[in-house]
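Here the structure is laid out as structure tokens; the discussion comes afterwards.
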Amino acid sequence: MFPYKGYAGRYLRVNLTTGEIQVCELDATFAETWLGGNGFGTKILWDEVGRDVDPLSPDNRLIIATGPICGTLMPNSSRSEVIAKSPLTGIYGDANVGGMFGPELKFAGYDMIIFEGRAPEPVYLVVEDDRVQLREARHLWGKTVSEAQALVQQELGDDNFKFATIGPAGENLVRYASIQMTPNRSAARSGVGAVMGSKRLKCIAVRGFGKVPIASPREFYEIAVQAHKKLLQNEFYKPVSRYGTAGLVTLMNRMGRFPTKNFQMGSFPFADDISAETLHDRYFVNDVGCFNCPIHCDKVYRVRDGEFAGAATNSLEYETLGSLGAGVWNNNLASIIRANVMCDELGLDTISAGRTIAFAMELWEKGILTGSDTGGIALEWGDYNTILDLLQHVAHRQGFGNLLAEGTRRAAALIGKGAEQYAMEVKGQEIAAQDGRAQRSMGLAHVTSTRGADHLKGFPVLDETGYPSEGVRRYGTQYMPEIVDPLATRYKPMLVIDGENFGAVIDSSGNCKSGGTFVLAEIYWQEMADAIRTATGMDMTVERLKTIGERIYNLQRCYGVLHGISRKDDRLPRRFKEEPNPSGHAKGQTFDVDPLLDEYYQLRGWDVKTGIPTRAKLRELGLEDVADRLGIM
Amino acid sequence: MQLYIDSTKCTGCRICEVFCSFKHESAIQPAKSRITVLTDTEPSRFIPFTCVQCARPACAEACPVDAITRDAESGLVSVNANECIGCRMCVQACPFGAMAYDRDRGVAYKCDLCDGDPECARMCPTGAIQFLREEITIARRRKEGPTRLKRAAHLIEGE
């Protein structure tokens, strides 16, 4: 018997080739070593998906995993993690998502589902407590996310199922396709939707009536209630709960950290047109909270009149205002709402989709792409009708959209003519709405992220706008003021490493990085260790938890190393080093990440020349077998 | 005292379900929560709903063993689990679906207002669920309509 509470203690393994469904008991040592979500997926990928496996082949795995805090009393305990080898980067890939799906999976009695193989015909999976079955989904193939979910709901005769669904983009193997989860949340990055599509799995519908048991109910209750209280009192509660992440538009624009015109600029002159305030005044309908989250950063927006009347969306994030707004020089806010709806319905990552279009627009501006390349489509900055058309074309791989569906790195290689210098990506994944020229720590985090360019692995938020109170609380006074200064490089490798390790733990626990841990930074190592200990009954300490975070991150890096990743790949696009940021607080700044890497690798215990974890470090983390497999001496 | 539910403030986060189920089951089990957030997904709209503590409770009417009683003073309608024979007549009788049946224990169960300090109201972060004196809840409801009217009038004047 699995000894720990907090977990469901069981998981599903579904072989889509044979249709076989196994219910497996979770192993205690596995849970102690890898904690949950992010850790579980990393270890399974390492064990089961080797170097030669094509991400879109039946041999890849699609893992949806929760953690011991998911579906519990802790605030923001909504998250699940999707892990697969990424078709966008060819290395470790993951996407973390909130909403209702993860908790429901636990109430159904499972911590995780592992999919392998490829169904001969499209299928969907129904999980209702002990009743688990694959059903035929030919009639759902080609449908948008909401169409497919409505049909499944009808078939199951119950509107309380929680869904994970791909749209046409996932079916058509767009390399940045998302998986959409109830209610309209996106597991978007790393192209996990394309992996689901490659397995011919359209949808997962989950309904759970069971319970998540707790080891020390009274103690855990106190910890959770305290955490809820602290969140409500946090200085950022009001703005974040009112505006969500969209509130960052104005702040980041001022800093020169709001990538505009494919990173040619760091500020968007029309930022006020797409700010959270404008969004709220014109289109706000109501707040939406993820499972057990008091922050409700998600909102419903509806366009009531004009050319996009009727467009209604959940969760229009800062990132999307960046990628489908400033990034493509588009200040028509209603069109961004429409674009967000389309991405959610077609199953596309708004970040990579917008960045790929911005890349193409810059190539058009520079004359590298012409009408003969695009099938006659003119790629003028800010032409939102073209942007909306392109999203359709990408999702269906029509015409020029077929090229953009490959993502910037592959598209650049196919286009040639020096296009690659305008591909704003790291390791194949498009950079989100941050800029290392305006925030050094973020530039470093982009290159050290284990899933390609990403703001959420290191997630250095302390120096984003300067957060001195938390800087002191987390690290003491000795690193002030540099640690909260966005343009200082000092102490930033330490800040990024701590974020990466802590983030790996949060993404494994089922808690949220945007919620109480990084943005409203009330839950840190001690609070998380206490929560895990009292929820599960594991003998969890801060030291042990830190080791788990470091172990997970090292194995993700090693999975990259297995695929040839080393220091040479930890680099930013040329633009950041050579073209000064023209605007905002960061005006005139360039950024060279290379000098920061020495310190980063040293602190990590990795070889400074190669950026590869040393045997000593891997041994310390209990990963000597990993060193053996990689041939690290 | 009464649960005052203002669904316009509900975000659908289900904190009420989580804490209700924990209070009564010592585990997190929204399926056994006495309060449920009903969802309308397009676009997301939410309505928390639980027992309304009827003055003439149909559940009590239907109970063949008088296990359901209403406290005249507090107005609380409660199930005596020791008397309950698990026939589920009350579940059928309740027009709101507020009465439920616990298969593990073989008894009916419903909102018990947590002995006068409801967890749902205590934990709700937006004030969508509050526990208030009846007179106050009526006064608030009374204010809602006219306030909206006044706002509408200003809107028209503004234009």
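The values are calculated or read from the model by the stated rules, or taken from the named source; none is laboratory data. Because the structure is predicted, anything quoted here is derived from the model rather than measured. Neighbour counts are summed over all protein chains in view; Cβ atoms, including those assigned to glycine, are modelled from backbone coordinates with ideal geometry.
For region B:30-39, the criterion of being crowded, with 17+ Cβ neighbours inside 10 Å, in contact with a Gly (Cβ under 7 Å, 6 or more places away or on another chain), within 14 Å of chain A (Cβ to nearest Cβ) and not in a helix (DSSP H, G or I) is met by at least one residue. Within region B:113-140, being charged (D, E, K, R), surrounded by fewer than 19 Cβ atoms within 10 Å (Cβ to Cβ) and either touching a residue at least 24 places away in the same chain (Cβ under 8 Å) or touching a Lys or Arg at 6+ places or on another chain (Cβ under 9 Å) (or both) holds for B:Arg122, B:Arg133, B:Glu134, B:Arg140.
Yes/no per residue for (1) touching a Phe, Trp or Tyr at 6+ places or on another chain (Cβ under 6 Å); (2) under 21 Å from A:Asn332 (Cα atoms); (3) at pLDDT 95 or above:
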{"site": "A:Thr370", "(1), (2), (3)": "no, no, yes"}
{"site": "A:Gly376", "(1), (2), (3)": "no, no, yes"}
{"site": "A:Asp389", "(1), (2), (3)": "no, yes, yes"}
{"site": "A:Gly401", "(1), (2), (3)": "no, no, yes"}
{"site": "A:Leu404", "(1), (2), (3)": "no, no, yes"}
{"site": "A:Arg410", "(1), (2), (3)": "no, no, yes"}
{"site": "A:Lys417", "(1), (2), (3)": "no, no, yes"}
{"site": "A:Met424", "(1), (2), (3)": "yes, no, yes"}
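Per-residue answers, yes or no, for (1) of a type in the set (Ser, Thr, Tyr); (2) away from chain B (no Cβ under 14 Å); (3) in contact with a helix residue (DSSP H, G or I) (Cβ under 6 Å, 6 or more places away or on another chain):
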{"position": "A:Val195", "(1), (2), (3)": "no, yes, no"}
{"position": "A:Arg200", "(1), (2), (3)": "no, yes, no"}
{"position": "A:Lys230", "(1), (2), (3)": "no, no, no"}
{"position": "A:Ala246", "(1), (2), (3)": "no, yes, yes"}
{"position": "A:Ser275", "(1), (2), (3)": "yes, yes, yes"}
{"position": "A:Leu279", "(1), (2), (3)": "no, yes, yes"}
{"position": "A:Arg282", "(1), (2), (3)": "no, yes, no"}
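Only one of the numbered conditions (1) modelled with pLDDT of 95 or more; (2) closer than 20 Å to A:Gly289 by Cα is violated by B:Pro43, and that is (1).
Here B:Phe22 passes the criteria (1) part of a helix (DSSP H, G or I); (2) more than 7 Å from chain A (Cβ to nearest Cβ) except the one numbered (2). Based on what the data block shows, is A:Ala65 farther than 17 Å from A:Val82 by Cα and among the small types (Gly, Ala, Ser)? Considered against the rule, which asks whether it is farther than 17 Å from A:Val82 by Cα and among the small types (Gly, Ala, Ser), A:Ala65 comes out as no.
The residue pairs whose first member lies in region A:99-125 and is away from chain B (no Cβ under 14 Å) and within 16 Å of B:Ala27 (Cβ to Cβ), whose second member is surrounded by 23 or more Cβ atoms within 10 Å (Cβ to Cβ) and among the basic types (Lys, Arg), and whose beta carbons are closer than 7 Å, counting only pairs six or more residues apart or on different chains, do not exist in this structure.
Residue check: is A:Glu81 part of a strand (DSSP E or B) and modelled with pLDDT of 95 or more? Before the answer, list the steps.
Numbers: part of a strand (DSSP E or B): yes; modelled with pLDDT of 95 or more: yes.
Answer is yes for this residue.
Just one of the listed residues (A:Gly170, A:Gly191, A:Gly210) is surrounded by 24 or more Cβ atoms within 10 Å (Cβ to Cβ), touching a Gly at 6+ places or on another chain (Cβ under 6 Å) and not hydrophobic (A, V, I, L, M, F, W, C), namely A:Gly170. Of the residues making up region B:1-21, those that are hydrophobic (A, V, I, L, M, F, W, C), in contact with a strand residue (DSSP E or B) (Cβ under 7 Å, 6 or more places away or on another chain) and surrounded by 24 or more Cβ atoms within 10 Å (Cβ to Cβ) are B:Cys10, B:Cys16, B:Val18.
Confirm whether A:Phe30 is part of a helix (DSSP H, G or I), free of Cβ contacts under 8 Å to residues at least 24 places away in the same chain and more than 14 Å from chain B (Cβ to nearest Cβ).
Numbers: part of a helix (DSSP H, G or I): yes; free of Cβ contacts under 8 Å to residues at least 24 places away in the same chain: yes; more than 14 Å from chain B (Cβ to nearest Cβ): yes.
It is true that A:Phe30 is part of a helix (DSSP H, G or I), free of Cβ contacts under 8 Å to residues at least 24 places away in the same chain and more than 14 Å from chain B (Cβ to nearest Cβ).
If you go through region A:546-565 one residue at a time, do you hit one that is more than 24 Å from the chain's Cα centre (by Cα) and either assigned to a helix (DSSP H, G or I) or basic (Lys, Arg) (or both)?
Taking every residue of region A:546-565 in turn, none turns out to be more than 24 Å from the chain's Cα centre (by Cα) and either assigned to a helix (DSSP H, G or I) or basic (Lys, Arg) (or both).
Screening region A:205-225 for residues that are touching a Lys or Arg at 6+ places or on another chain (Cβ under 6 Å) and assigned to a strand (DSSP E or B) and picking the one that is farthest from A:Lys5 (Cα to Cα) gives A:Val206.
For region A:134-149, give me each residue that is within 14 Å of another protein chain (Cβ to nearest Cβ) and surrounded by fewer than 15 Cβ atoms within 10 Å (Cβ to Cβ). Give the steps one after another, and end with the answer.
Start the filter on region A:134-149 by keeping residues that are within 14 Å of another protein chain (Cβ to nearest Cβ), which leaves A:144-149.
The answer is A:Glu147, and nothing else.
Checking each residue in region A:464-478 for being more than 17 Å from A:Gln439 (Cα to Cα) and hydroxyl-bearing (Ser, Thr, Tyr) picks out A:Ser469, A:Tyr475, A:Thr477.
Scanning region A:374-410 for residues that are part of a helix (DSSP H, G or I) and within 22 Å of the chain's Cα centre (by Cα) yields A:Leu391, A:Val394, A:Ala395, A:Leu404, A:Gly407, A:Thr408, A:Arg409, A:Arg410.
Tell me, please, whether a residue that is among the β-branched types (Val, Ile, Thr), out of contact with any Pro (no Cβ under 6 Å at 6 or more places or on another chain), within 10 Å of chain A (Cβ to nearest Cβ) and farther than 17 Å from B:Met99 by Cβ can be found in region B:1-10. Yes, there is a match, as at least one residue in region B:1-10 is among the β-branched types (Val, Ile, Thr), out of contact with any Pro (no Cβ under 6 Å at 6 or more places or on another chain), within 10 Å of chain A (Cβ to nearest Cβ) and farther than 17 Å from B:Met99 by Cβ. The residues of region B:117-156 that are within 14 Å of another protein chain (Cβ to nearest Cβ) and in a loop (DSSP other than H, G, I, E, B), listed by number, are B:Asp117, B:Cys124, B:Pro125, B:Thr126, B:Gly127, B:Ala128. Look at region B:89-112: where a residue is within 12 Å of B:Ile68 (Cα to Cα), no partner that is part of a helix (DSSP H, G or I) and polar (S, T, N, Q) sits 6+ places away or on another chain with Cβ atoms under 6 Å.
Of the set (1) more than 22 Å from A:Thr260 (Cβ to Cβ); (2) part of a loop (DSSP other than H, G, I, E, B), all apply to A:Asn501 but (2).
The condition (being surrounded by 24 or more Cβ atoms within 10 Å (Cβ to Cβ), over 22 Å from the mean Cα position of the chain (by Cα) and under 23 Å from A:Pro239 (Cβ atoms)) is satisfied by just one residue among A:Ile274, A:Ile295: A:Ile274. Against the test of being farther than 24 Å from A:Gln153 by Cα, surrounded by 15 or more Cβ atoms within 10 Å (Cβ to Cβ), out of contact with any Pro (no Cβ under 7 Å at 6 or more places or on another chain) and more than 14 Å from chain A (Cβ to nearest Cβ), the options B:Cys59, B:Cys87 yield a single qualifying residue, B:Cys59.
Which members of region B:108-131 meet the condition of being acidic (Asp, Glu) and more than 10 Å from the chain's Cα centre (by Cα)?
Those that are acidic (Asp, Glu) and more than 10 Å from the chain's Cα centre (by Cα): B:Asp115, B:Asp117, B:Glu119.
Within region A:578-605, the set of residues being assigned to a helix (DSSP H, G or I) and surrounded by fewer than 16 Cβ atoms within 10 Å (Cβ to Cβ) comprises A:Glu578, A:Asp594, A:Pro595, A:Asp598, A:Gln602, A:Leu603.
Applying the condition of being farther than 13 Å from B:Ser21 by Cβ and in contact (Cβ under 8 Å) with a residue 60 or more places away in the chain to region A:209-223 and asking which residue is nearest to the other protein chains (Cβ to nearest Cβ) yields A:Phe220.
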